[in-house]
Amino acid sequence: MSYEQYGIDVQSKQVLQDTLEEDQFLKDVLSPHQVTPATIDKIERIAAPVFDVRRMRAGNPFTLIKNQQQVDYFIYERTPADFVVIDLRDSVEVYEGQRKVVLRQQGLGGFINSTLFETIQSKGLEVQISKRLEEIFAWSVDFSYLDAQDYFKVIYEEAFVDEGSIGI
């Protein structure tokens with residue numbers, strides 16, 4: 001069993017995961033965990049060249065890794081693959097990290113019964129695929145004049161992080 005998250009050994013540490021809420025800032029996340037205003041100010045200054053903490057967005061996940069009552073790490077997920085680590089152990093250190101992204105080749109095809117969009121959607125697939133196809137072939141295929149029983153086939157790559165799809 002792996003005790004590693006974000007490249008950090010979390011065995012015997014408390015891991016708290018949450019999502020940033022509207023109008024919630026770094027001080028709102030760290031203050032309840034006894035991180036002083038002076039330390040939060042220091043984090044903001046040291047983090048600035050790597051990541052402006054004022055640009056954290058509501059809805060993005062974050063993780064606190066604590067050793068007893070002290071916060072050792074604050075990790076903010078910029079995207080499903082990219083994150084920022086703020087190491088609070090000795091002195092404040094800020095660095096970026098990335099999860100392993102796995103690309104898988106996927107295929108899709110079928111007969112068009114009404115529109116390409118509806119056919120792709122009826123197969124339970126991302127609407128993003130039909131939008132991308134329309135962008136790629138915008139000048140060579142008129143998607144509004146496809147005939148019933150026209151056939152399409154597309155091969156694409158889908159990106160995964162921790163077995164969860166993050167996009168096409």
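The values are calculated or read from the model by the stated rules, or taken from the named source; none is laboratory data. Remember, predicted model here, so these are calculated numbers, not experimental data. Note that each Cβ is placed from the backbone with ideal geometry, even for glycine, and that neighbours are counted across all protein chains shown. What goes into the accessible areas is simple: the full protein's heavy atoms, side chains included, and nothing from ligands, DNA or RNA. Shrake-Rupley method; radii C 1.70, N 1.55, O 1.52, S 1.80 Å.
Some notes on this structure:
- For residue 122: the one exception among (1) over 30 Å from residue 38 (Cα atoms); (2) open to solvent by 20 Å² or more (accessible area, probe 1.4 Å); (3) touching a residue at least 40 places away in the same chain (Cβ under 8 Å): (3)
- The stretch 65-79: number of residues that are open to solvent by less than 70 Å² (accessible area, probe 1.4 Å) and under 17 Å from residue 95 (Cα atoms): 9
- Residues in the stretch 82-108 that are assigned to a strand (DSSP E or B) and either polar (S, T, N, Q) or loosely packed, with under 11 Cβ neighbours inside 10 Å (or both): 98, 103, 104, 105, 106, 107.
- Residue within the stretch 112-128 that is among the acidic types (Asp, Glu), under 30 Å from residue 58 (Cβ atoms) and within 16 Å of the chain's Cα centre (by Cα) present: no
- Residue that is surrounded by the most Cβ atoms within 10 Å (Cβ to Cβ), among those in the stretch 1-52 that are of a type in the set (S, T, N, Q) and part of a loop (DSSP other than H, G, I, E, B): 24
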